[in-house]
Amino acid sequence: MTIREIANLAGVSPAAVSLVINNKKGVSEETRRRVQAVIEENNYTVPGQKRTTGKPKRFRLCVIKFRAHGIALEENQGFIASIIDQIESECRHYGYDLAMVNCEVATAAETLREMMLTPPDGVIIMGTELSESDYRVLDLLTVPTIVMDNSMNDVHVDSVLMDNEAVSAEAVRYLYSLGYRDIGYLRFSLPVHNCDERYLGYTRQMEQLGLPIPKPTLIMPTLNGAYRDMKRMLEEGEFLPHGAAVADNDTVAIGVMKAIREAGYRIPEDISIIGVDDIPFAAMTMPALTTMRISRSALGTLAVDVLRKRIKYPNWPSMHMRVSGRLVVRGSTIRKPEE
């Protein structure tokens, strides 16, 4: 039996169940009795014991590396690391301890069970590579939890992430305003939830503008992988630079741009390209990359703030926070040249 199943039987939230299990304040006596009755009736074994009082608040960040590729977490040139830095800063501000836990897909259940033997007061999960089929493993967490970088569709778990659909839609509108009607998409060749949402935002905006939607160009989501894939496509005639393109993120855009320029094409004269994230390298490429800037500090600050509220108000409905992007215009885009 999981925490979520106990919550459903008792008619309360998973966060309320975790407070009862860990013998903490924040729920009414009636709620506590209902939860305890369900636990006793189903012979549920509570993992771990309540910690002694007097210790500082302790947050653990669980970095989920699902499907074992780790690319979206580690290959985006410091984007995730910047979010974690902000989380650490917020925890220092509030006097919390912070621990980092890496969690591989093959051993996720074991890792989370072990964590709950000495449960923290809350958990922030970096869910960049978390897929919907993996959501149920989070039921093993018996403390207030939020998930970052994943929308957690149809799941009552708090989340904080960028507004992926709106970000890619704005990128399309910007290219449209420059006169482009042939707008392609440079898409990850590996499944990542955020990028699936970005592609959806792209296709919906293209439909609203009445533009044809070409087949996406699939690219390995690493700097070197994007470069190699595009170089091969150019050599084999699979890709002809023209019009404009939206990339899943800056890393893919930068790798693709390098291959295109080496092949003798000009950016932005032959193709305008826009990325997402505004990683530091985006401003240093030749030409500098136009991109949708995502505030890492806002994401990290909101993560801690939402978790603090969930700990204080365990019976609140689930909260889903989305952070918008901001267009940063640089040299990789220009108004469509006259033919």
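The values are calculated or read from the model by the stated rules, or taken from the named source; none is laboratory data. As the structure is a computational prediction, the values presented were derived from the model and not from experiment. Here the Cβ positions follow ideal geometry from the backbone for every residue, glycine too, while neighbour counts run over all protein chains shown. Only protein heavy atoms, including side chains, enter the accessible area calculation; ligands, DNA and RNA are left aside. Shrake-Rupley method; radii C 1.70, N 1.55, O 1.52, S 1.80 Å.
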Taking Cα atoms only, helix 223-235 is inclined relative to the longest principal axis of the chain by an angle, in degrees rounded to 10, of 40
To the nearest 10 degrees, how steeply does helix 193-208 sit against the main Cα axis of the chain, on a 0 to 90 scale?
-> 50
In Å², rounded to a whole number, the accessible area per residue of the stretch 120-220 with probe 1.4 Å is 34
Where Rh is the Kirkwood radius over the Cα pairs of the stretch 283-339, the temperature 37 °C and the viscosity 0.692 mPa s, what D in µm²/s does Stokes-Einstein return?
-> 225
Which residues' amide hydrogens lie under 5 Å from the amide hydrogen of residue 97, considering only partners 5 or more residues apart or on another chain, with H built in the peptide plane?
-> 57, 58, 59
How many percent of the accessible area of the stretch 179-239 is carbon or sulfur, using a 1.4 Å probe?
-> 50
Expressed to one decimal in nm², the mean projection of the alpha carbon convex hull of the chain is 18.1
Output ordering of 11-21, 280-290, 242-252 (per-residue mean of other Cβ within 10 Å, highest first) is 242-252, 11-21, 280-290
Relative to the longest principal Cα axis of the chain, at what angle does helix 164-177 sit, 0 to 90 degrees, rounded to 10?
-> 20
Using only the alpha carbons of the stretch 183-308, determine the length spanned along each of the three principal axes and report them from longest to shortest in whole angstroms.
-> 53, 34, 25
Solvent-accessible area per residue, Å², over the stretch 228-339 with all protein chains present [probe radius 1.4 Å] | 47
Given a 1.4 Å probe and every protein chain left where it sits, what share in percent of the accessible area of the stretch 264-339 is carbon and sulfur?
-> 56
Here the stretch 92-107 yields Karplus 3J(HN,Hα) values (6.51, -1.76, 1.60; θ = phi - 60°; whole Hz; Gly and Pro given as x) of 4, 4, 8, x, 8, 7, 9, 10, 10, 10, 8, 9, 7, 4, 5, 10
Count of lysine pairs in the chain with Cα separation under 12 Å (8 or more residues apart, or interchain) = 4
Determine the percent antiparallel among the DSSP beta bridges restricted to the chain, to the nearest 5.
-> 5
What is the dipole size for the chain, taken about its Cα centre, with +1 at each Lys and Arg Cβ and -1 at each Asp and Glu Cβ, in debye to the nearest 20?
-> 1080
Enumerate the amide H contacts of residue 160 below 5 Å, restricted to partners 5 or more residues apart or on another chain; note that Pro and chain-start residues carry no placed amide H.
-> 147, 148, 149, 150, 321
So for the stretch 191-339: antiparallel DSSP bridges make up what percent, rounded to the nearest 5?
-> 30
